[in-house]
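Before any comments, here is the structure.
Laboratory data are not the source of any read-out in this text; all were calculated from the coordinates shown. Since this is a predicted model, take the numbers as computed values, not measurements. Ideal geometry is used to build each Cβ from the backbone, glycine not excepted, and the neighbour counts take in all protein chains shown.
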Amino acid sequence: MKIILFGAPGAGKGTQSKLLVDRFGWSHVSTGDMLREAVTNKTEVGLKIEKMLGLGQLVSDDLIIDILKEKLSKFDPNQGLILDGFPRTVNQAEMLIKEHLEVNHVVYLKVNEKEVCQRLSGRRVHLPSGRVYHVDYNPPLKAGFDDVTGEPLIHRKDDYPEQIKLRFDLFYQETMPVLDVLSKEYVVHTLNISNEDVQSVFKKVLNALDL
Ligand code: ADP
Ligand code: AMP
């Protein structure tokens, strides 16, 4: 099974991906996690993109396509795969279709903007694993620390109010048009998930995937 989880920043793509990985053992490929890892490791790419990430800007299509191609080349084609955060521009979507990656489902997590802002401002992340928490909706056992490793959580720079606004604008301008492109090629399920907790969203996702 190969799926694309689509949605605004904070819609719950990473959260739902983790649940799918735990249940089915699929691989979760988050372009955001990959870029943050490059920044943490201070690689050549990481140093180049650090500022853009902090500001919530999109990095170039060429760069994303390069790193994603390299990552996907390591996967067994029969392995379950979740793409999270990609494609985010029409160019990226067209490239994906051109590469003939077989995608079984696109799941659009549709949530209202006000709710997503609350989610992003309270999000805390364990960078090495990509595990996400929320200070109110999904708190860690010990405030500020990862449940599994006990390591500190961070508040992403792009989860501060000014950056959230910019990321929304970018989502509507650059990323929403992707849905039209994808729907010409793949099955798209739009799930209305406003005011639904993590587990009820998960049920809807499983239902959409016929699982
Ligand atoms: P995305 O990967 O789409 O940017 P995340 O999965 O990181 O979104 O979720 C953003 C924030 O919202 C996190 O703090 C997460 O704990 C919280 N969250 C995710 N799903 C829900 C939900 N259904 N209800 C409330 N909070 C949620
Ligand atoms: P995310 O973790 O999905 O919220 O992504 C965090 C940041 O990484 C984004 O705000 C962008 O700066 C960058 N990014 C992630 N995926 C992409 C992509 N497909 N295209 C361009 N930039 C991306």
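Using a Gaussian network model of the chain whose springs link C-alpha atoms within less than 10 Å, name the residue from 89, 190, 175 with the highest mean-square fluctuation.
Top of the fluctuation ranking is 190.
Nearest-5 percent of antiparallel DSSP beta bridges in the chain?
30
In debye to the nearest 20, how big a dipole does the chain give about its Cα centre with +1 on each Lys and Arg Cβ and -1 on each Asp and Glu Cβ?
In total the dipole reaches around 340 debye.
What ranking of 197, 158 emerges when the number of other C-beta atoms within 10 Å of each C-beta is taken as an exposure proxy, fewest first?
The order, fewest Cβ neighbours first, is 197, 158.
So which of 165/203; 18/42; 2/184; 2/165 end up more than 22 Å apart by C-alpha?
165/203; 18/42; 2/165
For the stretch 39-69, run through the trypsin sites (Lys or Arg not before Pro) and keep only the ones in DSSP coil with at most 11 other Cβ atoms within 10 Å of their Cβ.
42
Expected output is a single nm value to one decimal: the length gained when fully extending between residue 55 and residue 195, i.e. 0.36 nm times separation in residues minus the C-alpha distance. What is it?
Value of the extension gain: 47.6 nm.
Select from the stretch 132-211 those trypsin sites (Lys or Arg not before Pro) which occupy a DSSP coil region and have at most 15 other Cβ atoms within 10 Å, ordered by residue number.
The qualifying sites are 142, 184.
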